[in-house]
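Novice: Please find one structure pasted underneath; my questions will follow.
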Amino acid sequence: MATILTVDDTASMRQMISFTLSSVGHEVIQACDGHEALMLLKGKKVDLVIADINMPNMDGITLVKSLREQADYKFTPILVLTTESRESKRQQGKVAGATGWIVKPFNPEQLLNVVKKVLG
Amino acid sequence: MQTAHALEHKGMPSGAEQFLTFRLHGQDYGITILKIQEIKGWDQVTPIPNSPAYVKGVLNLRGVIVPVIDLRLRFGLPEAERDVFTVIIVANVNGRLAGIVVDAVSDVVNIGAGQLCDVPAYEGQENREFIKGLAQVDGKLLVLLDVDRMVNPDSLDKSAAAAAVAAAR
Amino acid sequence: MAIDMRQFHQTFFEESLEGLAGMETELLRLEKAAANNGHDTVAADPEILNTIFRAAHSIKGGSSTFGFEEVAAFAHVLESRLDALRDGRSRPDRRVINLLLLSVDCLRSLIISARTGKETDKNVIDGVRSQLESLESESRASVAPMMATSQTQTSATAHWHIVFRPHRRLFHTGNDPLRILRELSVLGEIKVQTDLADLPAWAQMDPEECYLAWNIELIGPVSREAIAEVFSWVVDDCTLEITAQPVQSLAPRSITEAVAFMDAHAGTLRVSVPKVDALINTVGELVITQTMLSQLTTNFSFDNLSRLFAGIAQLERNTRELQESVMHIRMLPLSFAFNRLPRLVHDMSQKLEKKVELVIHGEQTEIDKTVIDRLIDPLLHLVRNSLDHGIERPAERVAAGKSETGHIELKACQKGGNVVIEIRDDGRGLAYDRILTKAVERGLLPASAKPSPGEIVEMIFMPGFSTAEAVSDISGRGMGMDVVRNNIRSLGGGVEVSTQKGHGTCFTMRLPLTLAIVDGLSVQVGVHTYILPLVSIVESVRINPEQISRPAGSAELYGLRQEYMPLLRLYELFHVEPRSTDLAQGLLVIVEADGKKAGLYVDDLLGQQQVVIKSLATHYRKVEGISAATILGDGTVAMILDMTGLIRLAHAGGGRAAIPTGAASMTTAVTPTFN
């Protein structure tokens, strides 16, 4: 199965995502903001990144931009989580290079479906 | 013989129930095994200051402090010597533990609704609140006790007050 | 597959409440900044606003994910408002900040209601919400969907023709056309034809660019929306054509979420990793010791006796370390108890039209969680008291030559086995004359009595005592000083007060570090062993029979260095047999409770030891004079004594005749004089 990085500043979301994904056999790494995510990714390879947009220290959009600048992560699927109803946030994500988005609230089934679509 | 209706009125189920029987001053008694946690031999008991005489004290039950009641004294019977048969029945009533000192334990018996009788009025009506009912088992009369009432600390207080009042008269 | 979301609820509740606490702190900072700048509105530090926004945002996201709709609805409105603030579309003036603080309260109440199932005050919450809504200067575009959207699905089979022509840079967003094709294949039967028209020669090809396109035939009960969904992420990065036969019948199918929420049960504990590491290390050493002892005893011979003793000594060390490690885990910094105070001071000072500054020191001092939980209410009451009765109005302060702003200082530190918390204000101090008047009025003191200032001040701890003229709804009702003292006492601690007229008052709380164990002195009375808490013991002396006086009947007093205190014969209070009733044969242990001393007569002192507190009340009930029980080394139970209860027992005539009230504790010159 795949290695997935989940980045969110709220512990309950991270736990839910982590639990859901590991229950089907993925390995999940957790980070609480963009900074920690970049640190954890040093010298490591993940198959998918799921990141919240609103986070302290480094938000999701900046993280995506940062990752896309790295050779290792040029083509890695990155999904952003957003509750923002405004199109602009999703667009920002896309412009930054995100693969796609998941709209909050979502249930575990939806999460698994999306991950399955992206990873195969 | 009383009907099941009258017994339900007393709060007893109409199906068969299992009781642990024990002896006290020559009389057989029974307590529902559903409220019995364990049985242990006589153990060292630390007295509780200013408690009623029948509260012998507390003992250490694997780290938990459990009060011990001498049933003889509770019923106003003369106190007995502790011997090798003396047993402490540890009752568990809604999570509250209490130890009851009795002379000796006998078997566990099944008592069906048909074997139960209501308690007739008797002289003095002492301790009546502790008696749930009477049963005939193998030709012997078994007094079924209400454990809840017996070990309820509030009733312990009330009885102490009643005893004090009686003593003062 | 069904994943039970309830396991995440606990974390959600805790992080949301923490987020709200943080929001509150930041809002107060914002207001302070406004006050310092001298005008109402403030060019706020963007980071403060961002932090506040993010907290509301997280709560909104989490609550809607986990199905707490009322919380989500309120959080949504709050978030919109905060977003407007963050963007500069509106400015945070005092009115707005107060409304936001109220909103924090509402959200908190909603979250707690979600957690415990208890009702909230709907009217208040709706009121605040509509105020928030009416403040919005511009309406937000669209409301974010709270539930998953409904999808329509055709029941009839459709035939679609899809042309998918990605732009060159499609790969750079991590998208993979193969994934999209796979997704389509799930919807129905597909036939895919790859269009290689744009593929250059190998030499010119950039492997990071997408040159391929696809023509897809899709047959199945699929709607256009479903197909568009598959392409939703890449719709801007490609050209897409979806053509089909007309859709026949639509059967609406809605996907609804039914996430049940459950009351989260009693609290969890957040423990720092170093503490857990220390615990693991200690347990490791314990295991080593155990293995060693086990080996020793397997083939035991008396030559190994000294090694056995060494092993036992090591076991004692390990056990002690383990105990300390575990107790540390349950210790939390006092900041948890102090965090409600700034808000309280803020709100109350506004309400009372006073200017008050709260300064807190030593909030990182740690104390057991169980103590903290029971400390919060007494603490709040004492601070409320300071605000209500202690600190004067600005005009009065200036007239008294003080600064306009009153100060309340909270200082916490660890002293020995206790934590000491001081609540000091620079207000008007306690009014001796008012207290004395009230005490006489209530019959607590005879009119002719001339108590010392120290004794007057102790009066405020009497039940039902309140000198406030009008019982304000802030203090003077609900919890009196006596309840405060009893609460602290029941924790094994104490409260003292000192005051200086015109300068201020200081309440000092002493609390044990933990409720689980106590340092005690074992004493012997006859065959019985009792434990006295060390913290209550002043000293122990051999009894000098000449110092005993019997002022009124049989009650006894003992004189020690110009101080007279009641002499309590423990064996009488407990109705047990002592070794000797001759006082000269035993010892007197001088104990202190609530500022009063007493002498306890016992046969022997056995030694000091730390004992684990075991409840007597769990399976029996509370006994006067006994605070709890413990299990001694030999497995027997011993009673831990409660000094205050013993003194009460003595007063109630537990042993001899009651001790005359005037003799509670008197400091006299040389010879005592009695009424």
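The values are calculated or read from the model by the stated rules, or taken from the named source; none is laboratory data. All values reported here derive from a predicted model rather than from experimental measurement. We place every Cβ from the backbone using ideal geometry, glycine too, and count neighbours over all the protein chains shown.
Novice: A:L5 - would you say it is in a helix (DSSP H, G or I) and either within 19 Å of A:A71 (Cα to Cα) or within 13 Å of chain C (Cβ to nearest Cβ) (or both)?
Specialist: No; evaluated as a whole, the condition is false for this residue.
Novice: For segment B:39-47, state whether one or more residues are surrounded by 13 or more Cβ atoms within 10 Å (Cβ to Cβ), within 10 Å of another protein chain (Cβ to nearest Cβ) and charged (D, E, K, R).
Specialist: Within segment B:39-47, one or more residues are surrounded by 13 or more Cβ atoms within 10 Å (Cβ to Cβ), within 10 Å of another protein chain (Cβ to nearest Cβ) and charged (D, E, K, R).
Novice: In addition: Which of (1) buried (at least 18 other Cβ atoms within 10 Å of the Cβ); (2) on the phi > 0 side of the Ramachandran plot is the odd one out, the single condition A:A11 does not satisfy?
Specialist: (2)
Novice: Does C:I640 satisfy the criteria of being outside any loop (DSSP other than H, G, I, E, B) and away from chain B (no Cβ under 14 Å)?
Specialist: So C:I640 does not fit the description; no.
Novice: Same structure, new question: Residues of segment C:34-56 being in contact with a Lys or Arg (Cβ under 9 Å, 6 or more places away or on another chain) and either of a type in the set (D, E) or at pLDDT below 65 (or both), which ones?
Specialist: Matches in segment C:34-56: C:D40, C:T41, C:V42, C:A43, C:A44, C:D45.
Novice: Of the conditions (1) in a helix (DSSP H, G or I); (2) free of Cβ contacts under 8 Å to residues at least 24 places away in the same chain; (3) more than 7 Å from every other protein chain (Cβ to nearest Cβ), A:V64 clears all except one; give me its number.
Specialist: Against the list (1) in a helix (DSSP H, G or I); (2) free of Cβ contacts under 8 Å to residues at least 24 places away in the same chain; (3) more than 7 Å from every other protein chain (Cβ to nearest Cβ), A:V64 comes up short only on (2).
Novice: Right, here's the next one. Kindly establish whether A:L21 is more than 11 Å from chain C (Cβ to nearest Cβ), part of a helix (DSSP H, G or I) and of a type outside the set (S, T, Y).
Specialist: no
Novice: Looking for something facing chain C (nearest Cβ under 9 Å), part of a strand (DSSP E or B) and modelled with pLDDT under 90 - is there at least one such residue anywhere in segment A:93-102?
Specialist: Within segment A:93-102, one or more residues are facing chain C (nearest Cβ under 9 Å), part of a strand (DSSP E or B) and modelled with pLDDT under 90.
Novice: Please enumerate the residues belonging to segment C:372-406 that are in contact with a helix residue (DSSP H, G or I) (Cβ under 6 Å, 6 or more places away or on another chain) and part of a loop (DSSP other than H, G, I, E, B).
Specialist: Listed by number, the list holds a single entry, C:E404.
Novice: Taking the condition modelled with pLDDT under 85 and either assigned by TED's automatic domain parsing to the domain that holds C:V371 or part of a helix (DSSP H, G or I) (or both), does C:M262 pass?
Specialist: Working: modelled with pLDDT under 85: yes; either assigned by TED's automatic domain parsing to the domain that holds C:V371 or part of a helix (DSSP H, G or I) (or both): no.
So C:M262 does not fit the description; no.
Residue-by-condition table, conditions (1) among the aromatic types (F, W, Y); (2) in contact with a Lys or Arg (Cβ under 9 Å, 6 or more places away or on another chain); (3) over 30 Å from B:N94 (Cα atoms); (4) surrounded by fewer than 19 Cβ atoms within 10 Å (Cβ to Cβ):
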{"position": "C:T581", "(1), (2), (3), (4)": "no, yes, yes, yes"}
{"position": "C:G586", "(1), (2), (3), (4)": "no, yes, yes, no"}
{"position": "C:Q609", "(1), (2), (3), (4)": "no, no, yes, yes"}
{"position": "C:H619", "(1), (2), (3), (4)": "no, yes, no, no"}
{"position": "C:K622", "(1), (2), (3), (4)": "no, no, no, yes"}
{"position": "C:A628", "(1), (2), (3), (4)": "no, yes, no, no"}
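Novice: Can you go through C:L28, C:L78, C:L100 and tell me which one is of a type outside the set (D, E), in a helix (DSSP H, G or I), closer than 24 Å to A:D33 by Cβ and at pLDDT 85 or above?
Specialist: C:L78
The rows are residues; the columns are (1) more than 11 Å from chain C (Cβ to nearest Cβ); (2) surrounded by fewer than 18 Cβ atoms within 10 Å (Cβ to Cβ).
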residue: B:V58; (1), (2): no, no
residue: B:G63; (1), (2): no, yes
residue: B:L77; (1), (2): yes, yes
residue: B:V84; (1), (2): yes, yes
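Novice: Right, next: From A:Q70, A:Q110, grab the single residue that is within 11 Å of another protein chain (Cβ to nearest Cβ), out of contact with any helix residue (DSSP H, G or I) (no Cβ under 7 Å at 6 or more places or on another chain) and farther than 18 Å from C:D176 by Cβ.
Specialist: So the residue among A:Q70, A:Q110 that is within 11 Å of another protein chain (Cβ to nearest Cβ), out of contact with any helix residue (DSSP H, G or I) (no Cβ under 7 Å at 6 or more places or on another chain) and farther than 18 Å from C:D176 by Cβ is A:Q110.
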